[in-house]
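Reading through the structure tokens given below for one structure.
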Protein chains: 2
Amino acid sequence: MSLPVTLADIIAAAERIRPFVHETPVFTSATFDREVGGRVFFKAENLQKVGAFKARGATNAILQLPDDVPGVVTHSSGNHGQAVAYAASIRNLPAWVVMPRTAPTLKIDAVRSYGAEVVLCDHAERESAAAAVIDGTGAVLVHPFDDAAVIAGQGTATLELVEQVPNLDVIVAPIGGGGLLSGAATVCAAQESTIQVIGAEPFAVDDAYRSLQSGIRQPGVESPSTIADGLLTGIGARPFAILAALEAEVIRVSETAILEAALFFLHRMKLSVEPSGATPLAAIRAEPGRFRDQRVGVIISGGNTDFAWLGAAASLTSRPETSP
Amino acid sequence: MSLPVTLADIIAAAERIRPFVHETPVFTSATFDREVGGRVFFKAENLQKVGAFKARGATNAILQLPDDVPGVVTHSSGNHGQAVAYAASIRNLPAWVVMPRTAPTLKIDAVRSYGAEVVLCDHAERESAAAAVIDGTGAVLVHPFDDAAVIAGQGTATLELVEQVPNLDVIVAPIGGGGLLSGAATVCAAQESTIQVIGAEPFAVDDAYRSLQSGIRQPGVESPSTIADGLLTGIGARPFAILAALEAEVIRVSETAILEAALFFLHRMKLSVEPSGATPLAAIRAEPGRFRDQRVGVIISGGNTDFAWLGAAASLTSRPETSP
């Protein structure tokens, strides 16, 4: 079977986007290693341009558009919107980002800070609003995950990680639409010694879990609600095809576990990690013993958060502030 | 004139402590560089063992104690207490850390997590409480800053920075007791092309500023109060001697500027930085134009905070969450 993205696509993407993205560092925590009984390597994509891995996919897609493209458009209330705005600014392309009227001012300002135009609408109208921009301007849609160039771009995070940390046994990354995880699976399947790929998904939006269990892509949860707001979306067709073919797994995590994981990053590792980005740590904790003696790669997907969750999280648990 | 610490001491300290501390990464921010008009390199000692540069000095001092030392003691409500506890644990030495009864549970638990014994007392009794431990146990006092071995250890942060980032024009670091800054000054004065050293100090506790202005060491501020709780202490005799001889400067910063700087680290650079550690960024902002076209090194001193300041800080300003 031919999959939508190959390792060669990801290697080409890495070359293409290299001048415009950071090679993010990898951190370890002696405390967490003791807890797990293994070695865990955290790739800090929260320190990536726009504060999330999304810069990789959007940049890879937008750099490949023809010279005469009149602009780009996407609908996203989150990191992909910023990523498209950032990547368009590299090429001095006009960008339109459709966002819900309810999006936080901070997020709207962030998109505007890259020079993009924000189109506010009701959540239900976002696809039609994007279509209207396309009709009116000829802009090209950059999908947040269901796009081969975007997936190849996201895969570069894993490509870097396996170069930075040899001999990983498993990689854990968040799954929402599946762009990051399907890129990871593509890289991992092509390694000499195969690396298992595991998605971390909130119980509250577990369509990826159910899709991979059943072998049939399930629709996204209706009216989804989770603190991991980057993972609200359902799994995309291309990501699902890749993840099913390459036998990725999903571990589901509770809202409390996500908050505790985000706190661990903040207090112990001194990193600002958004709740979505903290799900892999929660997933590793969810299966005690499973990662013993393993070399585990984790992709911290992003760090864009207003810390509204901090009060709730702090009341959950009281942990000493100690060393990474 | 002979100073208490030499470059050779710091080079020896770096060799000695290397197995026990992290070589911390250096980060940059395109956003901040644009604001400053220069290039700023942030050395992230918040990612150091115990979450602060203090691990360096305590480790250097404690590794040099004779084999038959019965233990170590210090009085510190902050990062030095954790650092002494950590460094003592390397040698399996008993450690006593005198802390005020009012210290946050988190900080007390952190010290205990390294196996040290916490001795609670009233703030005014801390020196006598430490003296009582010494009398009773024979433990050796590890002073937080007024000690040549501690200063040499703290200097290793700057030694690493000048190796990681060549051709710096200036280094800015927080000043409380002066251990970190006097170590920095010792390294910088010995470079082929001298690097200016600047301390960042809250207006509320500006004894280091007044000491270096007048050439006479001034007493610490009575009943000091600042959000930068790591900088409450007055400048020590040895650090003052070094900083005066090597012509260090101090820039004073307001409480609001400190909070805004800590927020910048959290929202833009995705780093948890304690208010004390954010003072250098505030100092750079305090003198607009001064750092234009300069290559500026900053030492982020630590990341241990309970974020109690976050609510107050968030109301000060609304900044978009964007890329580093």
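Consider residue B:103 against the criteria (1) within 13 Å of chain A (Cβ to nearest Cβ); (2) touching a helix residue (DSSP H, G or I) at 6+ places or on another chain (Cβ under 7 Å): it satisfies all of them except one. Which criterion is unmet?
(2)
Considering every residue within the range A:185-202, establish whether at least one is touching an Asp or Glu at 6+ places or on another chain (Cβ under 8 Å) and more than 22 Å from residue A:5 (Cβ to Cβ).
Scanning the range A:185-202 turns up at least one residue that is touching an Asp or Glu at 6+ places or on another chain (Cβ under 8 Å) and more than 22 Å from residue A:5 (Cβ to Cβ).
Checking residue B:137 against (1) crowded, with 17+ Cβ neighbours inside 10 Å; (2) out of contact with any Leu (no Cβ under 6 Å at 6 or more places or on another chain); (3) β-branched (Val, Ile, Thr), which single condition isn't satisfied?
(1)
Only residues in the range B:109-128 that are away from every other protein chain (no Cβ under 14 Å) count as the first member; pair them with residues that are in a loop (DSSP other than H, G, I, E, B) and of a type in the set (A, V, I, L, M, F, W, C), Cβ under 9 angstrom, at least 6 apart or cross-chain, and list the lot.
From residues that are away from every other protein chain (no Cβ under 14 Å), the pairs are B:120/B:103.
Taking only the range A:267-280 into account, find how many residues are facing chain B (nearest Cβ under 8 Å) and at pLDDT 95 or above.
5
Would you be able to tell me the number of residues in the range B:34-66 that are within 14 Å of chain A (Cβ to nearest Cβ), touching a Ser or Thr at 6+ places or on another chain (Cβ under 9 Å) and of a type in the set (Val, Ile, Thr)?
1
Of everything in the range B:210-264, what is within 26 Å of residue B:148 (Cβ to Cβ), assigned to a loop (DSSP other than H, G, I, E, B), at pLDDT 95 or above and more than 18 Å from the chain's Cα centre (by Cα)? Give them in sequence order. Please lay out each step first, then the result.
Just the residues of the range B:210-264 that are within 26 Å of residue B:148 (Cβ to Cβ), to begin with: B:210-221, B:224, B:228-250.
From the residues that got through so far, the ones that are assigned to a loop (DSSP other than H, G, I, E, B) too are B:215-221, B:224, B:228, B:232-236, B:246-248.
If we keep only those that are at pLDDT 95 or above too, we end up with B:215-218, B:235-236, B:246-248.
Matches in the range B:210-264: B:215, B:216, B:217, B:218, B:246, B:247.
Taking into account only those residues within the range B:46-70 that are surrounded by fewer than 24 Cβ atoms within 10 Å (Cβ to Cβ) and in contact (Cβ under 8 Å) with a residue 60 or more places away in the chain, which is farthest from residue B:157 (Cα to Cα)?
Going through the range B:46-70, the residues surrounded by fewer than 24 Cβ atoms within 10 Å (Cβ to Cβ) turn out to be B:63-70.
Then drop every residue that is not in contact (Cβ under 8 Å) with a residue 60 or more places away in the chain, which leaves B:64-65, B:69-70.
Working: B:64: 19, B:65: 22, B:69: 27, B:70: 29 Å.
My answer is B:70.
Quick check on this structure: which one of B:150, B:205, B:197, B:162 is touching a Pro at 6+ places or on another chain (Cβ under 6 Å) and crowded, with 18+ Cβ neighbours inside 10 Å?
Residue meeting the stated conditions: B:205.
Here are the criteria: (1) out of contact with any strand residue (DSSP E or B) (no Cβ under 7 Å at 6 or more places or on another chain); (2) without any contact (Cβ under 8 Å) to a residue 40 or more places away in the chain. Tell me which single one residue A:93 does not satisfy.
The one condition residue A:93 does not meet is (1).
Does the range A:145-167 contain any residue that is touching a strand residue (DSSP E or B) at 6+ places or on another chain (Cβ under 6 Å), of a type outside the set (Val, Ile, Thr) and farther than 29 Å from residue A:23 by Cα?
No, every residue in the range A:145-167 fails to be touching a strand residue (DSSP E or B) at 6+ places or on another chain (Cβ under 6 Å), of a type outside the set (Val, Ile, Thr) and farther than 29 Å from residue A:23 by Cα.
This table checks each residue for (1) within 14 Å of chain B (Cβ to nearest Cβ); (2) buried (at least 17 other Cβ atoms within 10 Å of the Cβ).
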site	(1), (2)
A:214	no, no
A:221	no, yes
A:226	no, yes
A:238	no, yes
A:255	no, yes
A:263	yes, yes
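Can you confirm whether residue A:283 is part of a helix (DSSP H, G or I), more than 25 Å from residue A:150 (Cβ to Cβ) and either among the aliphatic types (A, V, I, L, M) or not assigned by TED's automatic domain parsing to the domain that holds residue A:215 (or both)? I'd like the intermediate steps shown before the answer.
Values: part of a helix (DSSP H, G or I): yes; more than 25 Å from residue A:150 (Cβ to Cβ): no; either among the aliphatic types (A, V, I, L, M) or not assigned by TED's automatic domain parsing to the domain that holds residue A:215 (or both): yes.
So residue A:283 fails the test.
Could you say which residue among A:31, A:24 is within 13 Å of chain B (Cβ to nearest Cβ), closer than 20 Å to residue A:266 by Cβ and at pLDDT below 95? So that I can check it myself, show each step before the final result.
Numbers: A:24 fails: at pLDDT below 95.
Criteria check complete, one pass: A:31.
Out of the residues in the range B:71-83 meeting the condition of being touching a residue at least 60 places away in the same chain (Cβ under 8 Å) and part of a helix (DSSP H, G or I), tell me which one is farthest from the other protein chains (Cβ to nearest Cβ).
My answer is B:80.
Of the conditions (1) closer than 24 Å to residue B:279 by Cβ; (2) modelled with pLDDT under 95, residue B:37 satisfies every one except a single condition; which number is it?
Going through (1) closer than 24 Å to residue B:279 by Cβ; (2) modelled with pLDDT under 95 one by one, residue B:37 breaks only (2).
Just to verify a result, which residue in the range B:286-312, among those that are assigned to a helix (DSSP H, G or I) and within 14 Å of chain A (Cβ to nearest Cβ), is farthest from residue B:200 (Cα to Cα)? Outline the logic, then answer.
Of the range B:286-312, the ones assigned to a helix (DSSP H, G or I) are B:286, B:310-312.
Subsequent filtering for residues that are within 14 Å of chain A (Cβ to nearest Cβ) retains B:310-312.
Working: B:310: 21, B:311: 24, B:312: 21 Å.
Per the criteria, the residue is B:311.
This table checks each residue for (1) in contact with a strand residue (DSSP E or B) (Cβ under 7 Å, 6 or more places away or on another chain); (2) closer than 13 Å to residue A:202 by Cα.
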{"residue": "A:215", "(1), (2)": "no, no"}
{"residue": "A:219", "(1), (2)": "no, no"}
{"residue": "A:225", "(1), (2)": "no, yes"}
{"residue": "A:232", "(1), (2)": "no, yes"}
{"residue": "A:236", "(1), (2)": "no, no"}
{"residue": "A:240", "(1), (2)": "no, no"}
{"residue": "A:249", "(1), (2)": "yes, no"}
{"residue": "A:262", "(1), (2)": "no, no"}
{"residue": "A:266", "(1), (2)": "no, no"}
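Any residue in the range A:237-257 that's without any contact (Cβ under 8 Å) to a residue 60 or more places away in the chain and at negative phi: show its pairings with residues that are surrounded by 18 or more Cβ atoms within 10 Å (Cβ to Cβ) and among the aromatic types (Phe, Trp, Tyr) at Cβ separation under 8 Å, as long as the two are six or more apart or on different chains.
Pairs that qualify, where the first residue is without any contact (Cβ under 8 Å) to a residue 60 or more places away in the chain and at negative phi and the partner is surrounded by 18 or more Cβ atoms within 10 Å (Cβ to Cβ) and among the aromatic types (Phe, Trp, Tyr), are A:252/A:209.
Taking the range A:49-73, which residues are touching a Gly at 6+ places or on another chain (Cβ under 6 Å) and more than 17 Å from residue A:9 (Cα to Cα)?
Matches in the range A:49-73: A:51, A:52, A:70.
The values are calculated or read from the model by the stated rules, or taken from the named source; none is laboratory data. Bear in mind the structure is a predicted one, so any value in this text is a computation, not a measurement. All Cβ positions, glycine included, derive from the backbone under ideal geometry; neighbour counts span all protein chains shown.
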